[in-house]
Amino acid sequence: MDKTRRLAELVLQKHPEAFGPDYEKNKKALDELALIPSKQLRNHIAGYLARTLRVEVPEPEAPAEPEEVIEEAKTE
């Protein structure tokens, strides 16, 4: 397991509520919660967390109304 993934999983285990699918918010959270020696490593970890959490938490879709129901309502 590479360093980025290992550190991301460690930080996520300790502070799961602080991270989400937004890269910029993850960078700020990492600045506040962890001492990361380089900006490049921080950005890699933030990106990994954003990508991982985006896959795990899909955005809810709005229920689509069938076209037939809309057309029937217009004709009545």
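Each value in this text was obtained by applying a stated rule to the coordinates, not by laboratory testing. For clarity, every value in this text was computed on a predicted model and none was experimentally measured. Quick reminder, even Gly has a Cβ in these numbers, built from the backbone with ideal geometry, and neighbours come from all protein chains shown.
Using Cα positions and a limit of under 23 Å, work out the lysines in reach of LYS39, with same-chain residues fewer than 8 apart set aside.
In chain and number order, the partners are LYS3, LYS14, LYS25, LYS27, LYS28.
For the residues ILE45, ILE36, what sequence is obtained by ranking on other C-beta atoms within 10 Å, fewest first?
In increasing order of surrounding Cβ atoms, one gets ILE36, ILE45.
Charges only on Cβ, +1 for Lys and Arg, -1 for Asp and Glu: so what's the dipole of segment 3-56 about the Cα centre, in debye to the nearest 20?
Computed about the Cα centre, the dipole is about 260 debye.
First check a/c for segment 3-56, with a ≥ b ≥ c the square roots of the eigenvalues of its C-alpha gyration tensor; if it is under 1.5, answer rounded, and if not, answer prolate when a/b is larger than b/c or oblate otherwise. Before the final figure, lay out the partial values.
Working: a/c = 1.33, a/b = 1.31, b/c = 1.02.
Here segment 3-56 falls in the rounded category.
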